[in-house]
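Let me begin by presenting the structure, written as structure tokens, before commenting on it.
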Amino acid sequence: MTRMAGRNFLFVPGPTNVPDRVQRAMVVAMEDHRSSKFPELTLGVLSGLKRVFKTAAGTPIIFPSSGTGCWEAALTNCLSPGDKVLASRFGQFSHLWIDMCERLGFEVETIDCEWGTGVPVDRYRAALEADRSRKIKAVLACHNETATGVTSDIAAVRRAIDSVGHPALLFVDAVSSLASIDFRMDEWGVDVCVSGSQKGLMLPAGLGVTCVSPKALAARKSARQPRCYFDYGDMIKANESGYFPYTPALPMLYGLREALQILLEEEGLETVFARHSYLANGVRAAVQEGWKLRLCAKEPKWHSDTVSAIVVPEGINGAHVIDVAFRRYNLALGAGLSKVAGKVFRIGHLGDLNELMLIGALGGAELAMLDVGIRIEPGSGVAAAQKYWRANDPVEKKKVSRSEVIYASHSTGSTEGAHQ
């Protein structure tokens, strides 16, 4: 196969681009994870994760797994065989969590929703109110459905639970939202938050990152579902002194420490959230105003700031767009999954990225769409995104006036067209 020059443009919604300095931080010699020095690393990253989850009371836990492992940990640590859970299905990942519940033997009350919408808060409230015998032990909610580009209101889910006085635990999947979209564990009353390393945390896949409330840990004491590798108790007991119950992913922990330094101390979480919203709005302008296409998300209230699923015109296979983008232009776009397979392609806009990186992704997507016969105006999406980004700024930056540009040009001894 002929080598393609230049870098691959990675714009799937995970794994995301890993900053060079985070990659360098992971190039470490192996060490004794039982040494007296090792707890400095463990305790430091756990403390940083509490700030990312926005929790004072919760306990962060890091498993050597993916986010799927943390799904299983939430279910097996807090529930007993045959327990009932309430969940909604509106995308591939909310579906897969339901599938796991069923395969583990739990009873699932599933609320099916149109793909492109999110958690149906009113239907949750009605189901919980009707549960007079309090059989529902946990409510599952997907904060950001990666397959359809939909974000749900988790605070509203907690209000629905509380409004009917239901004692159910609240489990939230924040795999493609944590460290990219505002998440407030304590304020929203989340009992278990599930995430992973390969998205907003800007790391390779390999760490399941979760956080557990005191209420969930109390439920664990009486929960009878079998568990071993994913036992919260084993992990918490070892973590208290800065160690792990089994061999941790050493290089990943060093990378996580560096990523937390960037997110918390240098850019700042609130600025990170503002940047993601700003970049996402530019992508949405490209899709809707430039290309005149639709998003899978049915209404603006569902729009995700980490991934946009773009609906292709009738008669076009979205998988063809993705294949051409990859093979001809070295651009990786996200595929449509399950019910939306072939109907959409996805642009991930989360993690370590800026306007110019996204302009490359939008330009490459335009080339691929034109190649497969989608009738768009070349450059229209890029232009719409540029127009939005030039008119808006998430963080106040110094505007450069024309007089300053002229002065800078003269002071460096160069003017347009001179000395040619």
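The values are calculated or read from the model by the stated rules, or taken from the named source; none is laboratory data. All of these numbers come straight from a predicted model, not from anything done at the bench. Glycine also receives a Cβ, built like all others from the backbone with ideal geometry; neighbour counts cover every protein chain displayed. Ligands, DNA and RNA are excluded from the accessible area calculation, which covers all protein heavy atoms including side chains. Shrake-Rupley method; radii C 1.70, N 1.55, O 1.52, S 1.80 Å.
Yes or no: region 82-90 includes at least one residue that is under 23 Å from the mean Cα position of the chain (by Cα), under 22 Å from Ile262 (Cα atoms) and among the hydrophobic types (A, V, I, L, M, F, W, C). Don't jump to the end; show me each part of the working.
Narrowing region 82-90 to residues under 23 Å from the mean Cα position of the chain (by Cα): 86-90.
After this cut, where a residue has to be under 22 Å from Ile262 (Cα atoms) as well, the list is none.
No, region 82-90 contains no residue that is under 23 Å from the mean Cα position of the chain (by Cα), under 22 Å from Ile262 (Cα atoms) and among the hydrophobic types (A, V, I, L, M, F, W, C).
When region 288-316 is filtered for residues that are closer than 19 Å to Gly118 by Cβ, open to solvent by less than 50 Å² (accessible area, probe 1.4 Å) and part of a helix (DSSP H, G or I), only Trp302 remains. For beta carbons closer than 7 Å, sequence separation of 6+ or different chains, a first residue in region 248-261 that is assigned to a loop (DSSP other than H, G, I, E, B) and a second that is of a type outside the set (Asp, Glu), the qualifying pairs are Pro248/His33; Pro248/Pro64; Ala249/Pro64; Ala249/Gly206; Ala249/Leu207.
Could you tell me which of the residues Ala368, Ala319 is farther than 19 Å from Gly282 by Cα, open to solvent by less than 10 Å² (accessible area, probe 1.4 Å), assigned to a helix (DSSP H, G or I) and not aromatic (Phe, Trp, Tyr)?
Numbers: Ala319 fails: open to solvent by less than 10 Å² (accessible area, probe 1.4 Å).
Unique residue meeting the criteria: Ala368.
Among the residues making up region 15-30, those that are part of a loop (DSSP other than H, G, I, E, B) and loosely packed, with under 12 Cβ neighbours inside 10 Å are Val27, Ala29, Met30.
State the number of residues belonging to region 43-79 that are part of a loop (DSSP other than H, G, I, E, B), of a type outside the set (Lys, Arg) and farther than 16 Å from Leu140 by Cα. Reasoning before the result, please.
We begin by selecting, within region 43-79, every residue part of a loop (DSSP other than H, G, I, E, B); these are 54-58, 64-66, 79.
Narrowing further to those that are of a type outside the set (Lys, Arg): 55-58, 64-66, 79.
Right, trim to farther than 16 Å from Leu140 by Cα and you get 55-58, 64-66.
Final tally of qualifying residues: 7.
Residue count for region 210-244 under the criterion of being in contact with a helix residue (DSSP H, G or I) (Cβ under 6 Å, 6 or more places away or on another chain) and either of a type in the set (Lys, Arg) or open to solvent by 40 Å² or more (accessible area, probe 1.4 Å) (or both): the result is 2. Across region 322-354, which residue is nearest to Arg89 (Cα to Cα) among those that are part of a helix (DSSP H, G or I) and in contact with a Gly (Cβ under 7 Å, 6 or more places away or on another chain)? Checking each candidate, the answer is Ala325.
Residue-wise test of (1) touching a Pro at 6+ places or on another chain (Cβ under 7 Å); (2) at pLDDT 95 or above; (3) of a type in the set (A, V, I, L, M).
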site	(1), (2), (3)
Asp122	no, yes, no
Ala130	no, yes, yes
Ser133	no, yes, no
Leu140	no, yes, yes
Thr151	no, yes, no
Arg159	no, yes, no
Val164	no, yes, yes
Phe171	no, yes, no
Ser176	yes, yes, no
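Checking each residue in region 171-181 for being of a type in the set (A, V, I, L, M, F, W, C) and either without any contact (Cβ under 8 Å) to a residue 60 or more places away in the chain or not in a loop (DSSP other than H, G, I, E, B) (or both) picks out Phe171, Val172, Ala174. Just a yes or no: is a residue in region 182-194 closer than 13 Å to Gly67 by Cβ, under 10 Å from the mean Cα position of the chain (by Cα) and either among the hydroxyl-bearing types (Ser, Thr, Tyr) or not in a loop (DSSP other than H, G, I, E, B) (or both)? No, region 182-194 contains no residue that is closer than 13 Å to Gly67 by Cβ, under 10 Å from the mean Cα position of the chain (by Cα) and either among the hydroxyl-bearing types (Ser, Thr, Tyr) or not in a loop (DSSP other than H, G, I, E, B) (or both).
How about region 92-112: which of its residues are within 15 Å of Thr148 (Cβ to Cβ) and in contact with a helix residue (DSSP H, G or I) (Cβ under 8 Å, 6 or more places away or on another chain)? Hits for region 92-112 are Gln92, His95, Leu96, Trp97.
Of all residues in region 268-281, none are open to solvent by less than 50 Å² (accessible area, probe 1.4 Å), in contact with a Ser or Thr (Cβ under 6 Å, 6 or more places away or on another chain) and hydrophobic (A, V, I, L, M, F, W, C).
In this structure, is Thr55 at negative phi and open to solvent by 30 Å² or more (accessible area, probe 1.4 Å)?
Values: at negative phi: yes; open to solvent by 30 Å² or more (accessible area, probe 1.4 Å): no.
So Thr55 fails the test.
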